[in-house]
Amino acid sequence: LRTNCRRTTERAAKDLIDLIQRGGQAVKSMEMKYSAAALGTTLVGVPDLVLGKPLTEGTTTAGATTAIIDFKWSGYTYRKKEVSEGAAYQLACYSLLTRSPGEAAFPPAAYYILRNHRLLTVTDDILPGISGLEGPQLSETLDGLARSYQDIREELKEGRVRAAGNPLDGDDFPGQPPVEESCLSGGRLELAPPCRFCDYEVLCGLESGGEA
């Protein structure tokens, strides 16, 4: 297993380095903390890899951000759907955080799935030969995230707490059935509850058949 992991990682690194070099881009940062004002607070994140335009030809010093790459070991099918449905809010937030001062457009971002050696993005030619998936742009995902965030804050102010994983939790949220799959809908970013990872079903009532 260890040997297989090492080989997979080595091949992925070689493939990605080749794409970066052919694209004429330079490494701007790796695992560096970024922060920006957003959602009425300070948003903080640590993107895996940020690329930029070389400040001068032939150098490796990067200027304006041109792409953000977030590494995932596996989950190709899941991540592909997430990107194509506009639900990749992690990439959207990284795009916001790494946008160069004075830049109006959000830089493109992608997941790089190590086991498949594949980039997942909605942006064509983020690196040479990469075709983007059809789907909402990162700016749309950010808008949907902001709207959902504000809506949920208003619900909390009104004393309403959404138990997103409980399919019977509908009395306080009429006309809003549980989200089956994460996506942009009606200008909101709707996230499916990750109940398969949760050990606290008793709190939302799911364990007792809907009775919280």
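The values are calculated or read from the model by the stated rules, or taken from the named source; none is laboratory data. On a predicted model such as this, the values are computed, not experimentally measured, just so you know. All Cβ positions, even for glycine, are placed from backbone atoms using ideal geometry, and neighbour counts span all protein chains on display. These accessible areas exclude ligands, DNA and RNA; they are computed on the full protein's heavy atoms, side chains included. Shrake-Rupley method; radii C 1.70, N 1.55, O 1.52, S 1.80 Å.
Data for the structure
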| item | result |
| --- | --- |
| Heavy-atom accessible surface of the chain: percent carbon and sulfur, 1.4 Å | 51 |
| For T65, solvent-accessible area (1.4 Å; no DNA, RNA or ligand), Å² | 20 |
| Charge dipole magnitude, Cβ of K and R +1, D and E -1 - the chain, Cα centre, debye nearest 20 | 1160 |
| Listed residue (L114, G187, L91) projecting farthest to the positive dipole end of the chain, Cβ model | L114 |
| Distant-in-sequence amide H partners of G135 (H built 1.01 Å from N, under 5 Å) | none |
| Amide proton proximity set for T65, modelled H, under 5 Å, gap of 5+ | S100 |
| Förster radius 22 Å - calculated FRET efficiency between T42 and S139, Cβ distance, rounded to 0.05 | 0.65 |
| Counting DSSP beta bridges with both ends in the chain, the antiparallel % (nearest 5) | 80 |
| Modelled FRET efficiency - R0 25 Å, S131 with C195, Cβ distances, 0.05 increments | 0.15 |
| Highest average packing first - 76-86, 36-46, 127-137, Cβ atoms within 10 Å | 76-86, 127-137, 36-46 |
| Rounded if a/c under 1.5, otherwise prolate or oblate - the stretch 1-145, Cα gyration tensor axes | oblate |
| Stretch gain in nm, segment D124-V27, where the contour uses 0.36 nm per residue and the Cα spacing is subtracted | 33.0 nm |
| Ordering of 87-95, 142-150 by burial proxy (mean other Cβ atoms within 10 Å per residue, highest first) | 87-95, 142-150 |
| Evaluated over the stretch 108-162, the Cα radius of gyration and Dmax, each in Å | 16.7, 51 |
| Solvent accessible area, Å² - I17, 1.4 Å probe, full protein context | 90 |
